[in-house]
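First the structure, in the form of structure tokens, and then the observations on it.
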Amino acid sequence: MARKSQKSANYLSARTIRRTAKENRRITRQFEQKLNRKHVAPSEYATTMKDPANVLEVEDLKTYFFTDAGTVKAVDGVSFTVPRGKTIGLVGESGCGKSVTSLSIMQLLQRPQGQIVSGAIRLTQDQGQAVDITQMPISAMEKIRGKDISMIFQEPMTSLNPVFKIGSQLDEVIGLHNPDMSREAVKERTIEMLELVSIANSRAVYDMYPHQLSGGMRQRVMIAIALACSPKVIIADEPTTALDVTIQAQILDILRRLKDQINSSIVLITHDLGVIAEMADEVVVMYAGRIVEKGTVEEIFKHPSHPYTLGLMASKPVVSRHVERLYSIPGNVPNPIEMPDYCYFRDRCDRAFAPCFGEYPPMISLSPTHKVACYCYQQSADTKE
Amino acid sequence: MANHKTSNASQTTREAQELLSVRHLKTYFPIKSGVLQRVTGYVKAVDDISFKLYPGQTMSLVGESGCGKTTAGRTILRLTPKSAGDVLFEGKDIYQLDAQELRALRPQMQLIFQDPYSSLSPRMPVGEIIAEAPRQHHIVPKAQFDAYIDKIMKDCGLQPYHRDRYPHEFSGGQRQRICIARALALNPKFIVCDEPVSALDVSIQAQIINLLMDLQAQYNLTYLFISHDLSVVEHISDLIGVMYLGDLVERGTKKEVFARPLHPYTQALFSAIPVPDPDYKMNRIILEGSIPSPANPPAGCKFHTRCRYCMAICKQQVPPSYEVEPGHVVNCHLYAGSPVVDDLVGSDDMEQQLTREKLAASGDIAAGAATARGQLSAEEIVSETLKEEARADSQGAVLDRGRKWMQEREQQLERMQADRRQVETAAAALQDEAAPAVRPDDSSKTEESLK
């Protein structure tokens, strides 16, 4: 009997699924039509940056996945800015929407289910102009993807094409965005890029296939591809998770060096707080599709405020910090299809009190840069004002 | 089985105590090529490792991917055939056992796999996954069987109603709990944990590590913990073995190895750990290049191609095991002044050092002195067993001492390198002249030594 009742909790009848699927198709078709337009006037997606010092501004981004089981709000109102020449760290557990945020910025979401529902992603262009990526059709996005904004993917083992040589995969990027370059010039540029990422025998590597390279070398090639056109923003989605510590140190070193060399900004996505502390200038902590805390790296690591950030820090064993037992956050992430209407962290939080039973907490400023979404700090913010 | 054990115990008392003893273990995989599939070479996955493990301990093997950690774990369990050496489990050589004896021994040695997503059969309910092996091995009488499985599941943080569910209904952390329950259900003494937490999220990692440590205390388990995450290793282990290209290059107690990493590879490995503190001053040793192919490892010291202290001797001679501190053994020519030990003697010292550390931690000075070897003076023991605040001070002092010691080493190394450069330039100058004329005595000597 117990089994039956459990089944009914998760059970969806064929009819419900059909109805949801039909409704989803209706919604996604509208988004798809907008994305697939050709010959769109640039004025339609032109915009201006709120702060000219930023290269990327994400404002109230909402990315939903319309699945047959229901709508998954993978990213639900995320806002952050990336200043020029800085590194922003995006931290959180798997499934918290880090990767979906980055894929939204690149417009590489799994379509047609995944769609940017609302919000703005402003990317700076030359002469003080900017574009809103959420309003861009695919044809226009193809021109800036890889040139102004590029991405380093998590798995170097699977993100290179196994049937093409390293050289031709790099040539493709450079040739595509610089149509007036000669083939020889492109090749020279490719070899230069390979040397830039510390690949010793770059001319030999040019003629190699991905399977001939080790994981660290492949990740270098991925970085070379991402940096080939000197983008303004590099999104690094867990660039070192699949690598060993020694190789990780090499890769982070290259990333840091090249960022300054080509004067771009990095959005670094990882779950390793150590990497964040080392690389990032500002940190954004995400939980269940929302930002729970953001601030400069000192603020986050010296004064972590949100209970989730605290839990995350306590649960990571740190060399030369001795604890008897590691802290572990109780409970699980809420079901993404039926998110509660109160604070998403309340059921796992050891500090929950009366206001937490109300609606989702607003962002409370602890300092001009440090913001946290938790009612625990409501009072201190009120008294300050 | 009981008879077997006692007969062995009467031979040597020491061997009866230790749970596992690995002696000069080698695992080579043949490389076959051509039409006839002739063996053209060997991949030396594990190349001469030796250590001992006593009940209730955790030994960690750390190293880059491809250094043979996993193969070592599998060879110890006789899941991959060995090429040479012995593995003694409770005094019995597991490679001498016939199928029946091995089957009887299997429940005592278990393995937890790395990836909880692919190591559970998707077609079996969880209850069956856990119960299958104990039923085959008749671990408990039939009447108590269900209660026993429920107890194991409860110990691993699973609910009895999970028995009828399938693995796909669980999250990664829950699946790893199922894997642990499966291993634990056979009432093992020894578990090889092959990267049990590397596929999990940070907060889930903490739960699983806590679970492993709780179970160790509860069942007196012995772990061989294979991992590349040094922060996890530091949290869980008593002993540490650092592997590089199939070799155990450094081993010692956790405290020793983390306080004073001796081998240049260990130093590089430790300096590469990212520290979650933005103020932390990075003094990183970045290793150039990547790990050489184990099919064709470099001659001499295998690490010499990437070592920043590489000397002429490193390219020619395989370094023996030097015992730099009691129980801290390192295979590196830099420590040539220290006594050379057999690998297993080093393990015994390691064990004693661990006991000392444990006793020192619990403040039992008398027993600490009793177990301590003659080399350890009473003052040292006392300094380790001071009261809580004082201990923090002395820890700082120990660290200071370690740092000073490292500085001295560095200076010494710099001198050595400067000497070497001088010699090399002299040799090169001589070769340029290409004249067999009068050679200064010292340079001809050094040239000989270079050759």
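The values are calculated or read from the model by the stated rules, or taken from the named source; none is laboratory data. Remember, predicted model here, so these are calculated numbers, not experimental data. Reconstructed Cβ throughout: ideal geometry from the backbone, glycine too, with neighbour counts over all protein chains shown. In case anyone asks, the SASA skips ligands and DNA or RNA and just uses the protein heavy atoms, side chains included. Shrake-Rupley method; radii C 1.70, N 1.55, O 1.52, S 1.80 Å.
Here are the numbers for this structure:
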item	result
Test for residue A:253: is it away from chain B (no Cβ under 12 Å), charged (D, E, K, R) and open to solvent by 30 Å² or more (accessible area, probe 1.4 Å)	no
Checklist (1) within 11 Å of chain B (Cβ to nearest Cβ); (2) touching a residue at least 40 places away in the same chain (Cβ under 8 Å) applied to residue A:199, failing item	(2)
Selection count where residues are within 14 Å of chain B (Cβ to nearest Cβ) and in contact (Cβ under 8 Å) with a residue 40 or more places away in the chain, scope the range A:224-242	4
Failed item, numbered, when residue B:148 is tested on (1) surrounded by 16 or more Cβ atoms within 10 Å (Cβ to Cβ); (2) of a type in the set (Phe, Trp, Tyr); (3) at pLDDT below 90	(3)
Test: residue B:277 is in contact (Cβ under 8 Å) with a residue 12 or more places away in the chain, within 14 Å of another protein chain (Cβ to nearest Cβ), acidic (Asp, Glu) and under 27 Å from residue A:319 (Cα atoms)	no
Filter result (among the basic types (Lys, Arg), closer than 27 Å to residue A:297 by Cα and more than 8 Å from chain A (Cβ to nearest Cβ)) within the range B:280-311	B:281
Residue match in the range A:280-290 (condition: within 13 Å of chain B (Cβ to nearest Cβ) and either in a helix (DSSP H, G or I) or open to solvent by 20 Å² or more (accessible area, probe 1.4 Å) (or both))	yes
Any chance residue A:186 is crowded, with 21+ Cβ neighbours inside 10 Å and either out of contact with any helix residue (DSSP H, G or I) (no Cβ under 9 Å at 6 or more places or on another chain) or within 24 Å of residue A:257 (Cα to Cα) (or both)	no
Qualifying residue in the range A:90-110 (condition: in contact (Cβ under 8 Å) with a residue 24 or more places away in the chain, farther than 22 Å from residue A:275 by Cβ and open to solvent by 50 Å² or more (accessible area, probe 1.4 Å))	yes
Single residue of A:93, A:59 found to be out of contact with any helix residue (DSSP H, G or I) (no Cβ under 6 Å at 6 or more places or on another chain) and at pLDDT 90 or above	A:59
Any hit, the range B:178-189, residues being within 20 Å of residue A:278 (Cβ to Cβ), buried (at least 22 other Cβ atoms within 10 Å of the Cβ) and in contact (Cβ under 8 Å) with a residue 12 or more places away in the chain	no
Positions within the range A:223-249 being in a helix (DSSP H, G or I) and open to solvent by 10 Å² or more (accessible area, probe 1.4 Å), in sequence order	A:225, A:245, A:247, A:248
Filter pass, residue A:245 being within 14 Å of chain B (Cβ to nearest Cβ) and either more than 27 Å from residue A:87 (Cβ to Cβ) or in contact with a helix residue (DSSP H, G or I) (Cβ under 9 Å, 6 or more places away or on another chain) (or both)	yes
Boolean, residue A:323 is in a loop (DSSP other than H, G, I, E, B) and either of a type outside the set (Lys, Arg) or surrounded by fewer than 18 Cβ atoms within 10 Å (Cβ to Cβ) (or both)	yes
Failed item, numbered, when residue B:314 is tested on (1) surrounded by 19 or more Cβ atoms within 10 Å (Cβ to Cβ); (2) part of a loop (DSSP other than H, G, I, E, B); (3) more than 8 Å from chain A (Cβ to nearest Cβ)	(2)
Single residue of the range B:237-260 satisfying the filter (of a type outside the set (A, V, I, L, M, F, W, C) and within 11 Å of chain A (Cβ to nearest Cβ)) that is surrounded by the most Cβ atoms within 10 Å (Cβ to Cβ)	B:244
One residue from A:217, A:208 being within 30 Å of residue A:275 (Cα to Cα) and open to solvent by less than 60 Å² (accessible area, probe 1.4 Å)	A:217
Odd one out for residue A:262, checked against (1) among the β-branched types (Val, Ile, Thr); (2) at the interface with chain B (Cβ under 9 Å from one of its Cβ atoms); (3) over 29 Å from residue A:340 (Cβ atoms)	(2)
Residue satisfying all of: in the range B:212-232; hydrophobic (A, V, I, L, M, F, W, C) and more than 10 Å from the chain's Cα centre (by Cα); most open to solvent (accessible area, probe 1.4 Å) among these	B:217
Which listed residue, of A:181, A:193, is over 22 Å from residue A:244 (Cα atoms), more than 14 Å from chain B (Cβ to nearest Cβ) and assigned to a loop (DSSP other than H, G, I, E, B)	A:181
Helices (runs of 4 or more DSSP H) wholly inside the range B:11-129 that include at least 3 residues being over 21 Å from residue B:225 (Cβ atoms) and open to solvent by 40 Å² or more (accessible area, probe 1.4 Å)	B:13-17, B:99-105
Residue within the range B:157-166 that is touching a Leu at 6+ places or on another chain (Cβ under 9 Å) and open to solvent by less than 10 Å² (accessible area, probe 1.4 Å) present	no
Condition check for residue A:99: part of a loop (DSSP other than H, G, I, E, B) and within 14 Å of chain B (Cβ to nearest Cβ)	no
Residue selected from the range A:291-320 under the condition polar (S, T, N, Q) and assigned to a helix (DSSP H, G or I), by the criterion farthest from the other protein chains (Cβ to nearest Cβ)	A:309
Residue list for the range A:66-84, filter: open to solvent by 30 Å² or more (accessible area, probe 1.4 Å) and not β-branched (Val, Ile, Thr)	A:68, A:69, A:73, A:79, A:84
Residue in the range A:326-349 that is farthest from residue A:284 (Cα to Cα), counting only those that are open to solvent by less than 20 Å² (accessible area, probe 1.4 Å) and within 7 Å of chain B (Cβ to nearest Cβ)	A:326
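Residue by residue, here is whether (1) under 29 Å from residue B:52 (Cβ atoms); (2) part of a helix (DSSP H, G or I); (3) among the small types (Gly, Ala, Ser) holds:
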residue: B:163; (1), (2), (3): no, yes, no
residue: B:187; (1), (2), (3): yes, no, no
residue: B:193; (1), (2), (3): yes, no, no
residue: B:196; (1), (2), (3): yes, no, no
residue: B:200; (1), (2), (3): no, no, no
